[in-house]
Amino acid sequence: MALAQFMVTLDMTIVNVALPDMGAGLDFDPAQLPWVVNIYALLFGGFLLLGGRAADMFGQRRILLSGATVFAVASLVGGLAQEPWQLVVARAVQGVGAAVMAPAALAVLTLTQREGKERTKALGVYAAVSAVGGGAGVLIGGLLTEYAGWRWVMLVNLPMVLGVVVLAMRSIPAGTFGNKRGRLDVVGAILATAGIGLLILGVVRTEQLAWTSGTTVVTLAAAAILLVAFGLWEQFGPMPDPLIRLSLLGRRSVGGANLYMALLVAGQFGVFYFLSLYLQRTLGLGAAEAGLAFLPLCLIVVLGIRLATRLLPVVGVKMLLIPAAVLAAAGFGWFGLVDASGSYVTDVLGPSLVAGLGIGTSFVPLTAAATGGLPPQEAGMASALLNSSRQIGGAIGLAVLVTVQTARTDSRLDAGAGQQVAAADGYALGFLLAGGFLLVALLVAIFVLPGQVRGGRQATQSPPSTTSVQPNVTADTR
């Protein structure tokens, strides 16, 4: 399950460094090239709730393997693409496969590991690959692009998919943990997929269209209408098995964890984006060197996750997330001191270590709070909700930060500043605003999250029986 999650997270950023080579190799129109990145985020975010509910109803292993197969075929087609549209379509299908795999993988972990120390360790591994995947994508993408060619940015998924399939066949029970007799909420699926998809579409297109443009306003308004309709359908519709139980968000631990996750990833995506540009365009590093520059950040994230895994059963979710938000905000703010005459050691390494520790310390308690203490038939639902928060938060946060960064750069150019100085000033403002997202997350941790959540369950609740998981595993094994 860790390998599956690493793969879908990796593919959110692995193509970023390869975009110039992809554009040159397939003769992309420059205005269409960003869709190689955006279409993956669009389809991934749009289909997550549907993928999560399908995993609950038809079996996590079956849905996981189906998603992995789709992902592998799309990766092969993308790696062999001869025309721009073929690569864009392949990335779109990859997004659908990722949306099917991701919630199924997390649901398997929460259902097969008993609450407490066992689940905390499993979630620590899951959180590590989730947090590191984005940075590793930049690193691996840079190395592959420079030394093997951009096509291997797509083809590298094939051995990983093979590993996921082999390990899943060996280690996951063949049946279902959910309610196989239920009916999929088709109306809810259409409303949610269309609403989330239009929301992400409207946001990511603000790189080319202004927030106040007619196209953007209409797209976001349509997304809002569809999402409101989805909420009303889920609350009052006739379906006995809704796509998502809205009362789930009413739990302070679940609602708070999803909001914190959206804010954290909004800042993290922006920082990774601006940092990759600063390293290459301002400091003059090559693709491989820029990827390697992310290595200390990835390593310190893993260290933070190990620390959180040990401390979560002792101090609980709230007391981990408060200092984590402070550290991440401080690290992002420190990045905001970059300038055109900076260096890697003075402007990048120090804030990478501080921010990475805050990011790493956040993921385990967030995952535990968002998925703990729920009935087995809603594990995929909660997992999809958390992944949706990650995708929507990342898309909206990056779009907002890029808009602000571009406006700052343009204003500095209009004032007579040089290109390098103006660009660095834009990145600096983007970093500072990313830190602002984490200050809001700090308020969520203080005022929204309950103080008694430890290791994924409420301390005030009676501990769950160990048989609450085991009967499903035993029946599926037979």
Problem set entry | Net charge, Leu443 excluded, C-beta distance under 15 Å - Lys, Arg +1, Asp, Glu -1 | +2
Seminar exercise, completed: If unit charges are put on Cβ atoms (+1 for Lys and Arg, -1 for Asp and Glu) and the dipole of the range 63-154 is taken about its Cα centre, the option from Thr145, Ser66, Val129 lying farthest towards the positive end turns out to be Val129
Exercise. To the nearest 20 debye, what charge dipole does the range 2-460 have about its Cα centre, counting +1 at the Cβ of each Lys and Arg and -1 at the Cβ of each Asp and Glu?
Worked result: 1820 debye
Exercise. Among Ala92, Phe294, Val314, whose Cα sits farthest toward the positive end of the charge dipole of the chain (+1 at Cβ of Lys/Arg, -1 at Cβ of Asp/Glu, about the Cα centre)?
Worked result: Val314
For this session: Highest first, please rank the peptides 279-287, 207-215 by the mean number of other Cβ atoms sitting within 10 Å of their residues.
Result: 279-287, 207-215
For this session: Putting +1 on Lys and Arg Cβ atoms and -1 on Asp and Glu Cβ atoms, find which of Gln82, Gly197, Leu275 reaches farthest to the positive end of the dipole of the range 2-460.
Result: Gly197
Exercise. If we sort 435-447, 410-422 on the protection proxy, mean other Cβ atoms within 10 Å, highest first, what's the order?
Worked result: 435-447, 410-422
Problem set entry | For the range 1-20 and the range 202-226, distance of Cα centres in Å | 26 Å
For this session: Please give the peptides 114-124, 344-354 ranked by average Cβ packing (other Cβ atoms within 10 Å per residue), highest first, as a rough proxy for protection.
Result: 114-124, 344-354
Exercise. Can you give the FRET efficiency for Leu295 and Val89, using 1/(1 + (r/R0)^6), R0 = 45 Å, r = Cβ-Cβ distance, to the nearest 0.05?
Worked result: 0.85
Exercise. Relative to the Cα centre, what is the charge dipole magnitude of the range 314-446, using +1 at the beta carbon of each Lys and Arg, -1 at the beta carbon of each Asp and Glu, and rounding to the nearest 20 debye?
Worked result: 280 debye
Exercise. Cα centroid distance between the range 344-374 and the range 71-100, in Å?
Worked result: 30 Å
Problem set entry | Proxy reagent accessibility, fewest Cβ within 10 Å first, across Val302, Val314, Val217, Val338 | Val314, Val217, Val302, Val338
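Here, each number is a calculation from the coordinates, and none is a lab measurement. Predicted, not measured: the structure shown is a model, and the values here were computed from it. Reconstructed Cβ throughout: ideal geometry from the backbone, glycine too, with neighbour counts over all protein chains shown.
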